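The values are calculated or read from the model by the stated rules, or taken from the named source; none is laboratory data. If you're wondering where the values come from, they're calculated on a predicted model, not measured in any experiment. No Cβ is skipped: glycine too gets one built from the backbone with ideal geometry, and neighbour counts run over all protein chains shown.
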Amino acid sequence: MTKINLHNLEKEKLNPAFYQRNVLVVAKEILGKVFVKKEDNKILSGKIVEVEAYEGKTDQASHSFNGKTKRNEVMFEPGGLLYVYFTYGVHFCANIVTGKKDEGNAVLLRGIEPLTGIEIMAERRFGKTGLSDREIVNLTNGPGKICQAFAIDREENGESLTNGKIYILNRPLISKSKIVETTRIGIKKSAELPWRFYIKDNKCVSRK
């Protein structure tokens, strides 16, 4: 299991330069990193195991493809912010903004393996603690589930990942042999692009 040093998190944060690169590079290299949300004296965290990349200029499935709007303006900021949107009138989705200013690129968080704060996540997702192994796997294995478990909504849209309550901890790169590349889920435009990446054999991937 990934170890979390709760007393030394500041030194482990990814810096802005990590995010301000090509969206496909960031999407692959963010696998295995640890997503953290600090709530008062509590730490909620999980290993990122599945993501999707969205590119603003050629990717018709990206929210930024048709240009900047009030809804997607965070995507056009320099990488290192959280872009949160509401979808299907049901749930929120959290994305990591990447690249340079005005590029409009982001990485959707699709699957997280919960590490700390599991009881808090369990109460939010299932209204109880003491989860079965199957329920723990189902805790954050989808974009809407992640936001519900971590209590992420519109208030977190635009949150800095380098200077705020939500951040990502550096961890060693996942080897290429353990990364699966496939097409994205639930889209109709640019559906042929193999821009979903996940850690092979991880139980918390939303769909194999």
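Do you know which of the residues in region 1-14 that are surrounded by fewer than 11 Cβ atoms within 10 Å (Cβ to Cβ) and assigned to a loop (DSSP other than H, G, I, E, B) is modelled with the highest pLDDT?
From region 1-14, those surrounded by fewer than 11 Cβ atoms within 10 Å (Cβ to Cβ) are 1, 3, 5, 7-8, 10-11; that's our starting set.
Next cut, assigned to a loop (DSSP other than H, G, I, E, B) only: 1, 3, 5, 7-8.
Numbers: Met1: 49, Lys3: 60, Asn5: 65, His7: 60, Asn8: 69.
Ranking the qualifying residues of region 1-14, first place goes to Asn8.
If I filter region 128-143 for residues that are closer than 19 Å to Cys204 by Cβ, polar (S, T, N, Q), in contact (Cβ under 8 Å) with a residue 60 or more places away in the chain and buried (at least 21 other Cβ atoms within 10 Å of the Cβ), do I get at least one hit?
Yes: one or more hits.
Of the residues Ile118, Ile185, which is out of contact with any Leu (no Cβ under 9 Å at 6 or more places or on another chain), β-branched (Val, Ile, Thr) and at pLDDT 95 or above? Please lay out each step first, then the result.
Details: Ile118 fails: out of contact with any Leu (no Cβ under 9 Å at 6 or more places or on another chain).
Unique residue meeting the criteria: Ile185.
Checking Ala17 against (1) assigned to a loop (DSSP other than H, G, I, E, B); (2) surrounded by fewer than 23 Cβ atoms within 10 Å (Cβ to Cβ); (3) free of Cβ contacts under 8 Å to residues at least 60 places away in the same chain; (4) not β-branched (Val, Ile, Thr), which test does it fail?
The single condition Ala17 does not satisfy is (1).
For region 51-92, give me each residue that is surrounded by 20 or more Cβ atoms within 10 Å (Cβ to Cβ) and in contact with a Pro (Cβ under 9 Å, 6 or more places away or on another chain).
Residues satisfying the conditions are Glu52, Gly79, Gly80, Phe92.
Is one or more of the residues making up region 35-43 among the basic types (Lys, Arg), surrounded by fewer than 21 Cβ atoms within 10 Å (Cβ to Cβ) and either at positive phi or without any contact (Cβ under 8 Å) to a residue 24 or more places away in the chain (or both)? Before the answer, list the steps.
If we filter region 35-43 for residues that are among the basic types (Lys, Arg), which is where we start, we get 37-38, 42.
Pick out the ones that are also surrounded by fewer than 21 Cβ atoms within 10 Å (Cβ to Cβ) and you get 38, 42.
From what's left, either at positive phi or without any contact (Cβ under 8 Å) to a residue 24 or more places away in the chain (or both): none.
Scanning region 35-43, I find no residue that is among the basic types (Lys, Arg), surrounded by fewer than 21 Cβ atoms within 10 Å (Cβ to Cβ) and either at positive phi or without any contact (Cβ under 8 Å) to a residue 24 or more places away in the chain (or both), so the answer is no.
Report the residue count in region 188-203 for those that are exposed (fewer than 14 other Cβ atoms within 10 Å of the Cβ) and either free of Cβ contacts under 8 Å to residues at least 12 places away in the same chain or out of contact with any helix residue (DSSP H, G or I) (no Cβ under 7 Å at 6 or more places or on another chain) (or both).
Of the residues in region 188-203, 6 are exposed (fewer than 14 other Cβ atoms within 10 Å of the Cβ) and either free of Cβ contacts under 8 Å to residues at least 12 places away in the same chain or out of contact with any helix residue (DSSP H, G or I) (no Cβ under 7 Å at 6 or more places or on another chain) (or both).
Out of Ile120, Ile185, report the one residue that is surrounded by 14 or more Cβ atoms within 10 Å (Cβ to Cβ) and closer than 18 Å to Tyr198 by Cβ. Please lay out each step first, then the result.
Working: Ile120 fails: closer than 18 Å to Tyr198 by Cβ.
Testing whether each residue is surrounded by 14 or more Cβ atoms within 10 Å (Cβ to Cβ) and closer than 18 Å to Tyr198 by Cβ leaves just Ile185.
Could you check how many residues of region 99-118 are part of a strand (DSSP E or B) and free of Cβ contacts under 8 Å to residues at least 60 places away in the same chain?
Keep residues of region 99-118 that are part of a strand (DSSP E or B), which gives 105-116.
Then drop every residue that is not free of Cβ contacts under 8 Å to residues at least 60 places away in the same chain, which leaves 108.
Qualifying residue count for the region: 1.
If I filter region 101-112 down to residues being more than 11 Å from the chain's Cα centre (by Cα) and closer than 28 Å to Val180 by Cβ, which single residue comes out as surrounded by the fewest Cβ atoms within 10 Å (Cβ to Cβ)?
Taking region 101-112 as the starting set, the residues that turn out to be more than 11 Å from the chain's Cα centre (by Cα) are 101-105.
If we keep only those that are closer than 28 Å to Val180 by Cβ too, we end up with 103-105.
Numbers: Glu103: 21, Gly104: 28, Asn105: 29.
For region 101-112, the residue satisfying everything is Glu103.
Does Arg196 fit the bill of being under 17 Å from Ala53 (Cα atoms), charged (D, E, K, R), in contact with a Phe, Trp or Tyr (Cβ under 7 Å, 6 or more places away or on another chain) and at pLDDT 95 or above?
On the way: under 17 Å from Ala53 (Cα atoms): yes; charged (D, E, K, R): yes; in contact with a Phe, Trp or Tyr (Cβ under 7 Å, 6 or more places away or on another chain): no; at pLDDT 95 or above: yes.
Here the answer is no, as Arg196 does not meet what is asked.
Condition check: charged (D, E, K, R), under 14 Å from Thr140 (Cα atoms) and at pLDDT 95 or above. Does Glu55 satisfy that? First the steps, then the outcome.
Details: charged (D, E, K, R): yes; under 14 Å from Thr140 (Cα atoms): no; at pLDDT 95 or above: yes.
Answer is no for this residue.
Quick check on my filter: what residues within region 66-91 are in contact with a helix residue (DSSP H, G or I) (Cβ under 6 Å, 6 or more places away or on another chain) and farther than 21 Å from Leu31 by Cα? Give the derivation first.
Taking region 66-91 as the starting set, the residues that turn out to be in contact with a helix residue (DSSP H, G or I) (Cβ under 6 Å, 6 or more places away or on another chain) are 68, 79-84, 91.
Across region 66-91, the qualifying residues are Lys68, His91.
Filter region 166-208 for residues that are within 30 Å of Gly89 (Cβ to Cβ), within 15 Å of the chain's Cα centre (by Cα) and not β-branched (Val, Ile, Thr) and give the result.
Tyr167, Arg184, Trp195, Arg196, Phe197, Tyr198, Cys204, Ser206 - these are the residues of region 166-208 that are within 30 Å of Gly89 (Cβ to Cβ), within 15 Å of the chain's Cα centre (by Cα) and not β-branched (Val, Ile, Thr).
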